[in-house]
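One structure is given here, and the rest of the page talks about it.
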Amino acid sequence: MLTVGDSIGNYRLVRRIGSGGCGEVFEAIYDQISRRAAIKVLFPEISEHEEMAQRFLNEARAVNIVQHPGIVSIYEHGQLYDHTAYIVMEYLEGERLRDRVGKMGVSQIVQIGRQIASTLAAAHAKGIVHRDLKPENIMLVRDSETATGERAKILDFGIAKVTQEYQGAGAAALRTRSGITMGTPIYMSPEQCRGASDVNDKTDVYALGVILYELLAGQVPFYARSLAEVTAKQLYEAPMPLRQRNAQVPEYLEELVGDMLRKPQKDRPTMNEVADRLVQSDTDAPKTLVGNLLPLSRETMTVVRDPVRPRTSPMMVAVVSFALVLGLGLGGLGYRSYRMYHQRLIEMQHKVERTPVPVPPPPPKKVRWMIRTTPDHALVVKVGTGEEWGETPLTREAEPGTRPVEVELRLS
């Protein structure tokens with residue numbers, strides 16, 4: 001396992017920023033050119049899982065195809081001798097767009113939206129569809145080259161759809177299976193909620209429409225406390241007009257966001273058209289804050305993060321009591337737990353202060369444990385709370401000395 005002081009290529013690991021059930025993220029430096037970087041790694045046993053490693057490295061593949069200043073830069077990627085998959089990426093310091101909800105004026109929202117739309121238009125031109133656009137995956141960093149002095153950077157292309165023309169090696173491993181739902185339901189398009197295979201650039205248009213709606217109204221257009229409810233709203237319900245939630249929103253901006261949130265893909269504008277319409281509207285956008293709005297909290301929104309499961313499928317339920325000493329850790333080998341781990345790494349990566357800090361002492365040792373089933377892909381659910389931990393094979397960590405946990409294993 002990698003530790004502070006080890007090297008990956010020319011980069012020396014100087015600080016562990018965070019860790020989870022699937023891997024770790026380090027601050028690193030290339031001493032000869034004094035370049036800082038963030039390095040994400042998967043644990044060797046998880047890197048050996050081919051689909052997981054491919055999803056992890058898909059981010060580097062997608063970013064390098066686009067090469068746009070609005071996307072976090074990838075310097076290197078690959079696997080070490082022990083199969084540990086890693087990505088060496090640009091070290092960003094800034095603020096998540098999530099933290100700006102309810103704190104910006106309409107003009108600033110329009111400018112940020114235009115930057116995001118222009119970046120995604122460049123990705124779409126290269127056959128890349130992000131598929132998991134949300135405020136947590138957008139960083140606002142200082143950039144003196146922009147009119148506003150900051151730039152929106154899009155992160156986390158780990159589940160991006162890459163057209164076969166651009167995939168090259170590994171294309172078969174990265175092709176999405178029909179019927180699998182990917183993304184975060186609050187920001188997912190109707191076609192994603194259906195698990196349809198016709199996800200395209202208009203899917204990102206819908207997600208950006210949800211983000212703009214949230215920034216302007218202080219809350220997302222569709223919210224419910226159950227996964228089934230929010231999915232039904234995305235599929236069938238029309239959003240409340242923006243100006244009914246915030247009268248400061250100009251009519252043309254309400255119309256644009258409404259067009260972006262249309263249910264049929266063909267009725268939505270392209271991302272280039274979105275960028276053009278945001279340019280046209282920027283000159284007339286009011287400068288007042290949207291500060292009187294109350295955004296939904298991060299904790300409230302996480303109740304509907306996971307993909308939809310059929311409610312009528314027959315289920316095999318096995319109750320397993322663990323007399324092991326274990327507790328709540330991060331992540332897991334299943335896709336859902338990997339997505340939560342991956343987002344946590346992004347958050348931890350960008351909370352580091354600019355000034356150097358002493359290397360902290362090594363963290364206390366944790367108990368790492370795994371659940372395997374035959375066949376794989378059984379859903380692991382904590383008894384009592386209903387919390388979904390991910391699919392098998394599943395790896396977790398816990399502090400020694402915590403209470404036993406009882407879980408259910410569910411498989412269609």
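The values are calculated or read from the model by the stated rules, or taken from the named source; none is laboratory data. Remember, it's a predicted structure, so these values are computed and weren't measured experimentally. No Cβ is skipped: glycine too gets one built from the backbone with ideal geometry, and neighbour counts run over all protein chains shown. Keep in mind that these areas ignore ligands, DNA and RNA; they rest on the heavy atoms of the full protein, side chains included. Shrake-Rupley method; radii C 1.70, N 1.55, O 1.52, S 1.80 Å.
For segment 1-133, what relative contact order do you get, as a whole percent, if you take Cα pairs closer than 8 Å and at least 6 residues apart? Mind dumping the intermediate values first?
Working: 178 pairs, mean separation 23.1, N = 133.
Dividing the mean separation by the residue count of segment 1-133 yields 17 percent.
FRET efficiency for Tyr236 and Glu406, Cβ-Cβ distance as r, R0 = 35 Å, nearest 0.05? Intermediate results must be reported in sequence, preceding the final value.
Values: r = 37 Å, r/R0 = 1.06.
The formula returns an efficiency of 0.40 here.
Calculate one ³J(HN,Hα) per residue across segment 29-39 by plugging θ = phi - 60° into the Karplus curve 6.51 cos²θ - 1.76 cosθ + 1.60, and present them in order as whole Hz with x for glycine and proline.
Rounded to whole hertz, the list is 9, 9, 4, 5, 10, 6, 9, 8, 8, 10, 10.
Check which residues have an amide H placed less than 5 Å from Val72's amide H, if you skip close sequence neighbours.
For Val72, the qualifying residues are Ile154.
Per 0.36 nm of contour for each residue apart, how much would the distance between Gln32 and Lys365 grow if the chain were fully extended, relative to their Cα-Cα spacing? Write down the numbers at each step before the final one.
Numbers: separation 333, 0.36 × 333 = 119.88 nm, distance 3.33 nm.
Full extension of this stretch gives 116.6 nm more.
Of all the accessible heavy-atom surface of segment 1-89, with the other protein chains kept in place and a 1.4 Å probe, what percent is carbon and sulfur?
Working: 1510 of 3520 Å².
Ligands and nucleic acids excluded, carbon and sulfur reach 43 percent.
Which ³J(HN,Hα) values, rounded to whole Hz and listed in residue order, are derived for segment 217-230 from phi using the Karplus coefficients 6.51, -1.76 and 1.60 in 6.51 cos²θ - 1.76 cosθ + 1.60 with θ = phi - 60°, glycine and proline given as x?
9, x, 7, 6, x, 10, 9, 7, 8, 10, 5, 5, 5, 5
Distance check, please: which entries in Lys40/Lys366; Lys40/Lys103; Lys103/Lys263; Lys153/Lys233; Lys40/Lys365; Lys202/Lys233 exceed 23 angstrom between their Cα atoms? Intermediate values should be presented prior to the final figure.
Numbers: Lys40/Lys366 20 Å; Lys40/Lys103 31 Å; Lys103/Lys263 29 Å; Lys153/Lys233 29 Å; Lys40/Lys365 20 Å; Lys202/Lys233 18 Å.
Beyond 23 Å: Lys40/Lys103; Lys103/Lys263; Lys153/Lys233.
Each residue of segment 197-209 in order: what ³J(HN,Hα) in whole Hz does its phi give by Karplus 6.51 cos²θ - 1.76 cosθ + 1.60, θ = phi - 60°, with x for Gly and Pro?
Working through the residues one at a time gives 8, 8, 5, 9, 4, 5, 5, 5, 4, 4, 4, 5, x Hz.
Using modelled backbone amide H atoms (1.01 Å from N, in-plane), which distant-in-sequence or interchain residues come within less than 5 Å of Arg35's amide H?
Result for Arg35 returns Tyr30.
Under a 5 Å amide H to amide H cut-off, with H placed in plane at 1.01 Å, what residues pair with Gly18 once short-range neighbours are removed?
Residues meeting the amide H criterion: Val25.
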